[in-house]
Amino acid sequence: MNPDSDLLLSIKDLKVHFVGDGPVAKAVDGVCVQVHRGQTVCIVGESGCGKTVTALATLGLLKQPPAVIAGGSIAFDGLKMLEMTPSQLREVRGSRISMIFQEPMTSLNPVFTIGDQVAEAMTAHKQLNEDQLKKRVIELLTDVGIVDADHRMGDYPHQLSGGQRQRVMIAMALACEPDLIIADEPTTALDVTVQAQILALLKALKQKKNMALQYITHDLGVVAAIADQVYVMYAGLVVEQGPAHAIFSNARHPYTLALLDSLPTKEKRGKRLYSIPGSVPHPAYRPVGCPFHPRCSSKRSFCETDFPAMCDYGEGHRARCPVLFDAQAGEGGA
Amino acid sequence: MNKAEKGLLRVEGLKKYFPVRRGFFQRVASHVKAVDGVDFSISSNQTLGLVGESGCGKSTVARLILRLLPPDGGSVRFDGQDITAMTERTFKPMRKRIQMIFQDPYSSLNPRMTVAQSIRDGVRMAGIKDKTKQRDRVGQLLEMVGMPAVSAGRYPHEFSGGQRQRVGIARALSVSPQLILCDEPISALDVSIQAQIINLLKDLQQALGLSYLFISHDLNVVSYICDHVCVMFRGRIVESAPADLLFEKPLHPYTLKLLDAVPETAVVGWSPRIDGTEKQTQAEYGCAFGSQCPDVEEFCKKAPAPMVDVGGGHLVRCWKAAETHRTF
């Protein structure tokens, strides 16, 4: 593990609840995530498991109310993000942490040219004159692989393809050379070949600028491709975390195992795909005990009542399932 | 490829050009060749995969088969009859035998109609006039796709994406079709839900003897579900082979590029062999893939490559690949 001086983002026991007319929806319920400098951390899980809410809370982008930060802390390079004023947050957002959103079609403004939009963050955070700004925009667009950038910077979003728009989003995120980029499913809407290009691009830029990347996705293929550390989330909780190779070769939570089993591959041809029965519980009606127990294939009777503790497998690999932990310990002892 | 008589659906030389209009008088300046001579056939109880990037014309092919768009050339034969030559009146009964499942379960269901109403339209079209029988059939269809009977009276917004896709499938089944065109049916869904829908499609195929045209850009899914795969590039099929053959021994450089781009869970720390810059300039190449091909030769510029059979039902549209891999 890296020494603590490299620790860039530390989310501790974060709880985000949504208060409305009905019962309180506990979208994020005690999540701990650590991101070190130069690292790629992937957060995996199905829709509704709290991945995006965690990211939005980190950036102070949640609308409060309805959202309520019910507990926990977020420290970014020594700054306490949850206690900052909106103007202090604005200083950090866009310059030291930036975000790439899922839908490039909806997150780009259709009435401004892409050059203007890439330049916007720099005008807000850096003192640059017009020539320097233009030079930097062209440099950024070239960096993300947009050919003929000095002409294309005058284009409007509708003149670009989906992949190009996502590249523009990345250029915007990179504009102030942030320490951390949070990417929320940036390639979900794209073709495999374009996805491969974007992933390669993020990897290369990350190395060049020693940035950290927090990558949110439900695609385990992508996770295997880029992750150093993986966090698997289910129903507002981290159920398994660890180095990527440990998660893929030795998953120790039934949910992670089920996700891996449900992927169609050519090796599984002719066999029936494993599909997790039921669906993700609504955050307001979470089952007692282990939140995964109604869908779990290795459930024991105590899973219905006892909240599972994190079990440590060493090297930072931890999983919230005592059943599989005991099973492995039993094998080891015998 | 299959013998002509055997194929349930046979597509030959299918073409669709969209005009590009320019200038004050909106003169036709050029054409976008969305589908440019596509041939394939699907026999009954078979799944044919159509793979390619967005804009390669795969969805247009589905629309042409269903006559949602008029073709500019070629023929579509369903069960021996040429659909393209039919009048709308004679085609109407055929449409019951070919149905479609769309990508986006959110926008393909009418938000103001209950699930039962959406499905009942199809049931009525299938010739069931009696109201009680219609209701029974709707219940039966919902059960087939694994939805509880109480869901009949609910509206689409009350369901999750996976459930909505099940309703879409039930609606397609309501007229008892033989062929279902699936246009990216699972790409909008979560991983665990994808597995459920894939299993459902496979079960229905076995129970009802359906044929599928499975359009997707996800090669993992295609390798799992399809019997035969066609890879499309710029309106043309560049490689066509039985699924196991295609994934074991891909020949066309474009297929290789696609396969390379798929991140696999088996390989931690994968890196694609794809360069980051986009080359969109279409040079004076004969072969459409020439400008992006890593091992392009001088003769590739001369003429477009023909489809060559390299044995075992494996066809490839590449001079070099065909030359080096011919098995007879």
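Taken together, the values in this text are just the output of simple stated rules run on the coordinates, not laboratory data. Quick caveat: nothing in here was measured; it's all calculated off a predicted structure. We place every Cβ from the backbone using ideal geometry, glycine too, and count neighbours over all the protein chains shown.
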Which distance in nm do the two modelled labels at B:L259 and B:K92 give, with both placed 7 Å along the Cα-to-Cβ direction? 4.8
For chain B, what is the percent of antiparallel DSSP beta bridges, rounded to the nearest 5? 60
Need one number: nm distance between label points at A:S161 and A:R37, each 7 Å from Cα along Cα→Cβ, rounded to one decimal. 3.8
Residues whose built amide H sits under 5 Å from the amide H of A:V239, excluding neighbours closer than 5 in sequence, are A:V232, A:M233, A:Y234
Which value in nm describes the separation of the simple spin-label points at A:S87 and A:N210, placed 7 Å from the Cα toward the beta carbon? 3.3
Please state the shape class of segment B:94-167: rounded when a/c is under 1.5, otherwise prolate if a/b exceeds b/c and oblate if not, all from the C-alpha gyration tensor. oblate
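Rounded to the nearest 500, what is chain A's calculated 222 nm mean residue ellipticity when only DSSP H runs of at least 4 contribute -39500 (n - 2.57) each, over all residues?
-9500 deg cm²/dmol
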Provide, for q = 0.07, 0.08, 0.09 Å⁻¹, the log10 of I(q)/I(0) from a solvent-free Debye sum over equal Cα point scatterers in chain A. -0.31, -0.41, -0.52
Yeah, the protein assembly as shown with a ≥ b ≥ c from its alpha-carbon gyration tensor (a/c under 1.5 is rounded, else prolate when a/b outruns b/c, oblate otherwise) is oblate
Anchor A:K51: lysines whose Cα lies under 23 Å away (excluding residues fewer than 8 positions away in-chain): A:K12, A:K15, A:K26, A:K63, A:K80, A:K203, A:K206
Apply the a/c threshold of 1.5 to the C-alpha gyration tensor of segment B:40-107 and tell me whether it is rounded, prolate or oblate. rounded
Partner shielding of B:248-258, as the mean number of partner chain Cβ atoms within 10 Å, equals 1
List the lysines whose Cα lies under 19 Å from the Cα of B:K202, skipping any in the same chain that are fewer than 8 positions away. A:K266, A:K268, A:K271
For chain A, what is the relative contact order in percent, using Cα pairs closer than 8 Å and at least 6 residues apart in sequence? 21
Within a Gaussian network of chain A (alpha carbon springs, distance under 10 Å), most fluctuating of A:P104, A:P277, A:P322: A:P277
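Hey, got the average number of other protein chain Cβ atoms within 10 angstrom for residues in B:194-203?
Details: counts 6, 11, 6, 2, 5, 6, 1, 0, 3, 1.
Shielding by partners across B:194-203 averages 4.
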For Cα pairs less than 8 Å apart in space and 6+ apart in sequence, what is the mean separation divided by the residue count of chain B, i.e. the relative contact order in percent? 18
Considering only DSSP beta bridges where both residues belong to the protein assembly as shown, give the percentage that are antiparallel (nearest 5). 60
Would you mind getting me the FRET efficiency between B:S160 and B:K133? Use the beta-carbon distance for r and R0 = 41 Å, nearest 0.05. 0.85
222 nm mean residue ellipticity, helices alone, for chain B (DSSP H n ≥ 4; -39,500 (n - 2.57); rounded to 500): -9000 deg cm²/dmol
Pick out, in residue order, every one of the trypsin sites (Lys or Arg not before Pro) in segment A:217-294 that is DSSP loop and has at most 11 other C-beta atoms within 10 Å; say none if there are none. A:K271, A:R272
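Could you work out the mean count of beta carbons from other protein chains within 10 Å of each residue's beta carbon in A:267-276?
Shielding by partners across A:267-276 averages 5.
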Mean Cβ neighbour count within 10 Å, used as a protection proxy, ranking A:89-95, A:18-24 highest first: A:89-95, A:18-24
